[in-house]
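The values are calculated or read from the model by the stated rules, or taken from the named source; none is laboratory data. Keep in mind that what you see is a predicted model, and the values were worked out from it rather than measured. Here the Cβ positions follow ideal geometry from the backbone for every residue, glycine too, while neighbour counts run over all protein chains shown.
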Amino acid sequence: MESSTDFKDAAVVVTGAGAGIGAALARRFAALGARVVVNDLDADAAHAVAGEIGGTAVPGDAAGEQGVAELIERSRAALGGRIDVYCANAGIAAKGGADAPEDAWSASWDVNVMAHVRAARALLPEWLERGGGRFVSTVSAAGLLTMVGTAPYSVTKHAAHAFAEWLSLTYRHRGVSVHAICPQGVRTRMVEESGAAGDLVLRPTAISPEAVADALLDAVAENRFLVLPHPEVGQMYAGRAADPERWLRGMNKVQRALEAVEGEAGGSAGQQTRA
């Protein structure tokens with residue numbers, strides 16, 4: 001697939017597509033003529049979006065080993081035996097730092113990282129055999145930079161970005177395209193529930209989910225790995241690499257501002273929000 005016009009009749013799966021970025025991706029692919037499977041833990045939301053776009057709802061878990069295997073099996077059956085594009089979009093944001101509970105860390109790792117690994121493991125044999133496939137990871141700017149107030153989210157989104165990079169560098173010469181979507185604030189439930197940290201970092205420049213879908217299609221047309229709906233994230237990413245100490249000092253100022261608003265950090269550890 002060289003450009004966004006090549007999605008006619010493509011078989012597309014989007015996880016976490018009952019709302020937000022996932023729903024916007026599902027709608028955009030369907031508008032381009034793709035046959036779309038809409039996945040979400042919220043079955044009613046999945047069916048609503050699927051009904052709107054003429055897609056197929058396959059609700060359920062998109063993170064656990066069995067859940068991913070079942071999702072891909074059911075999606076292949078619904079899409080005529082193949083999957084051309086897989087959007088690993090579902091995510092979870094657990095607040096807190098090192099003191100966040102074990103289940104917050106394990107859930108974040110499962111949903112934000114291993115869901116991608118398990119999907120790729122199931123998809124790659126088919127894609128490598130036929131020399132084509134497209135894997136889209138919704139990573140977040142937190143995967144390139146970080147996010148104050150949420151260590152589990154920041155750490156696992158870095159890992160999600162690292163895995164997407166690994167997929168791209170390992171398989172691009174064999175026809176597998178990979179894209180990492182790295183927005184800052186997007187007007188979704190996750191941002192609405194991000195509290196003071198969201199007020200400081202995300203809401204001032206929050207964009208619509210539809211703008212994220214547009215940015216992905218631009219990256220597809222350019223065969224570009226990094227999808228930056230907020231172009232300034234690329235500049236911050238370069239600055240972070242060029243002068244880590246300066247970047248850390250700047251982020252520490254944001255942390256201190258957060259503490260001034262919320263008081264001592266850690267009171268909200270363990271709360272989780274799914275994308």
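Descriptive notes on the structure:
- For beta carbons closer than 8 Å, sequence separation of 6+ or different chains, a first residue in the stretch 234-257 that is more than 14 Å from Gly143 (Cα to Cα) and a second that is of a type in the set (Lys, Arg) and surrounded by fewer than 14 Cβ atoms within 10 Å (Cβ to Cβ), the qualifying pairs are Gly239/Arg246.
- Selection from the stretch 98-138 of residues that are in contact with a strand residue (DSSP E or B) (Cβ under 8 Å, 6 or more places away or on another chain) and under 18 Å from Cys182 (Cβ atoms): Ser108, Val111, Asn112, Ala115, His116, Arg134, Phe135, Val136, Ser137, Thr138
- Residue list for the stretch 122-151, restricted to those being over 12 Å from Tyr86 (Cβ atoms), part of a helix (DSSP H, G or I) and more than 15 Å from the chain's Cα centre (by Cα): Pro125, Leu128, Glu129, Arg130, Ala151
- Scanning the stretch 90-118 for residues that are under 20 Å from Asp61 (Cβ atoms), more than 13 Å from the chain's Cα centre (by Cα) and buried (at least 22 other Cβ atoms within 10 Å of the Cβ) returns Ala94, Ala104, Arg118.
- Flag if Gly250 is modelled with pLDDT under 95 and surrounded by 16 or more Cβ atoms within 10 Å (Cβ to Cβ): no
- Listed conditions (1) at pLDDT below 95; (2) among the acidic types (Asp, Glu); (3) assigned to a helix (DSSP H, G or I) are all met by Glu264, apart from (3).
- Failed item in (1) surrounded by 12 or more Cβ atoms within 10 Å (Cβ to Cβ); (2) modelled with pLDDT under 95, with Gln235 passing the rest: (1)
- Within the stretch 14-115, helices (runs of 4 or more DSSP H) holding 3 or more residues that are over 28 Å from Ala206 (Cα atoms) and among the aliphatic types (A, V, I, L, M): 65-78
- Being touching a residue at least 24 places away in the same chain (Cβ under 8 Å), surrounded by 18 or more Cβ atoms within 10 Å (Cβ to Cβ) and within 22 Å of Ala164 (Cβ to Cβ) is a condition met by at least one residue of the stretch 40-49.
- Output for the stretch 3-34, where each listed residue is of a type in the set (D, E, K, R) and either buried (at least 20 other Cβ atoms within 10 Å of the Cβ) or closer than 22 Å to Phe225 by Cα (or both): Asp6, Lys8, Arg27, Arg28
- Residue match in the stretch 167-181 (condition: of a type outside the set (Lys, Arg), surrounded by 24 or more Cβ atoms within 10 Å (Cβ to Cβ) and in contact (Cβ under 8 Å) with a residue 60 or more places away in the chain): yes
- For the stretch 68-89, the set of residues classified as among the hydrophobic types (A, V, I, L, M, F, W, C) and either more than 16 Å from the chain's Cα centre (by Cα) or surrounded by fewer than 22 Cβ atoms within 10 Å (Cβ to Cβ) (or both) consists of Ala69, Leu71, Ile72, Ala77, Ala78, Leu79, Ile83, listed by residue number.
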